[in-house]
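Colleague: Okay, handing you the structure first.
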């Protein structure tokens, strides 16, 4: 909990002279614990409650989850008649100090700038190739080596594994959220729901596989992979550091399928070779043969992304349907077979 001396410093910064009369635990509920805070200021006695959230389950697993709950509460409590009013949202720092987060209208991330060429450039170049060249193969093997390394870091947490499966299907940035952002007239609501329902049916299958939980990037797609001088740097790790390696594998390999459909109306040439090389190398390095039995809902999410009429308006309707066929047929199969990918896209 909060160091009372650091709390005193925070309160003095907000109120000036202040005396802490009481700071004690009130009780705990399903979501978290409440603490009574009574202070004396120049304006008299002030009574507050400090609330925390339990750090596991109910979508509160990461500090950013808990921050989002409290920031929403700060924005909305005061707008509802008869509701208690919020005072602030505070952040407990590594050194024990307390900082105010309340009152922000928007939030921004500042990070390093990447230098190099993103992997989309390589994917575009493959449309002219019947086979991969040596540089293509080197890059694929480099990416596989990287993923096999980070995926080797394991964690025991059924909660976090189940969350990754739930988020992949129902998160606003994933399958259902992406479909909800489609403009009308391209894909029917019924077809979207068909894919969503098949993805939900994978939940009891994957819930039994929480031993697969590992460190992931979370958005390992070509725009986030920048190559320079024989190596690469990554951008935009997303939606939590733990999940299934299938998330990263499908985020990249869907693009070999999608680009080949876009340029050739089937998976062929360098794209087909890249897809099979990636899977062969990854399974060889990780010995994760179970991977092929779990990729289905992750491919469904990624298929919804690359079939998006706004993200990729250059797709012809029949090509977009091929991508959606891919999602449905992989979801229907017990195991994904990369060398049969053209059968999945035909309907």
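The values are calculated or read from the model by the stated rules, or taken from the named source; none is laboratory data. Being a predicted model, the structure only gives us computed values, none of them experimental. As a convention, Cβ positions derive from the backbone with ideal geometry for all residues, glycine included, and neighbour counts pool all protein chains shown.
Residue by residue, here is whether (1) surrounded by 15 or more Cβ atoms within 10 Å (Cβ to Cβ); (2) more than 17 Å from residue 247 (Cβ to Cβ) holds:
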site	(1), (2)
163	yes, no
176	yes, no
179	yes, yes
183	no, yes
193	no, yes
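Colleague: While we're looking at this one, here's another question. So which residues in the range 303-347 are within 22 Å of the chain's Cα centre (by Cα) and surrounded by fewer than 16 Cβ atoms within 10 Å (Cβ to Cβ), if there are any at all?
Modeller: 310, 311, 312 - these are the residues of the range 303-347 that are within 22 Å of the chain's Cα centre (by Cα) and surrounded by fewer than 16 Cβ atoms within 10 Å (Cβ to Cβ).
Colleague: Could you pull out the residue among 312, 256, 279, 271 that is under 22 Å from residue 182 (Cα atoms), out of contact with any strand residue (DSSP E or B) (no Cβ under 7 Å at 6 or more places or on another chain) and in the same structural domain as residue 149 (by TED's automatic domain parsing)?
Modeller: Result: 312 is the single residue among 312, 256, 279, 271 that is under 22 Å from residue 182 (Cα atoms), out of contact with any strand residue (DSSP E or B) (no Cβ under 7 Å at 6 or more places or on another chain) and in the same structural domain as residue 149 (by TED's automatic domain parsing).
Colleague: Would you confirm whether or not the range 176-186 contains a residue that is outside the structural domain of residue 58 (by TED's automatic domain parsing), under 30 Å from residue 117 (Cβ atoms) and outside any helix (DSSP H, G or I)?
Modeller: So far as the range 176-186 goes, yes, one or more of its residues are outside the structural domain of residue 58 (by TED's automatic domain parsing), under 30 Å from residue 117 (Cβ atoms) and outside any helix (DSSP H, G or I).
Colleague: What's the number of the condition residue 284 fails, among (1) in a helix (DSSP H, G or I); (2) under 25 Å from the mean Cα position of the chain (by Cα)?
Modeller: Unmet for residue 284, out of (1) in a helix (DSSP H, G or I); (2) under 25 Å from the mean Cα position of the chain (by Cα): (2).
Colleague: Separate question: Here are some residues: 238, 210. Which one is in the same structural domain as residue 173 (by TED's automatic domain parsing), surrounded by fewer than 19 Cβ atoms within 10 Å (Cβ to Cβ) and modelled with pLDDT of 95 or more?
Modeller: 210
Colleague: Still on this structure, I have one more. Inspect the range 53-60 for any residue being surrounded by fewer than 16 Cβ atoms within 10 Å (Cβ to Cβ), out of contact with any helix residue (DSSP H, G or I) (no Cβ under 8 Å at 6 or more places or on another chain), at pLDDT below 90 and under 19 Å from residue 158 (Cα atoms) and give the result as yes or no.
Modeller: yes
Colleague: Within the range 1-113, which strands (runs of 3 or more DSSP E) (wholly inside it) include 2 or more residues that are in contact (Cβ under 8 Å) with a residue 60 or more places away in the chain?
Modeller: Per the criteria, 90-92, 98-100.
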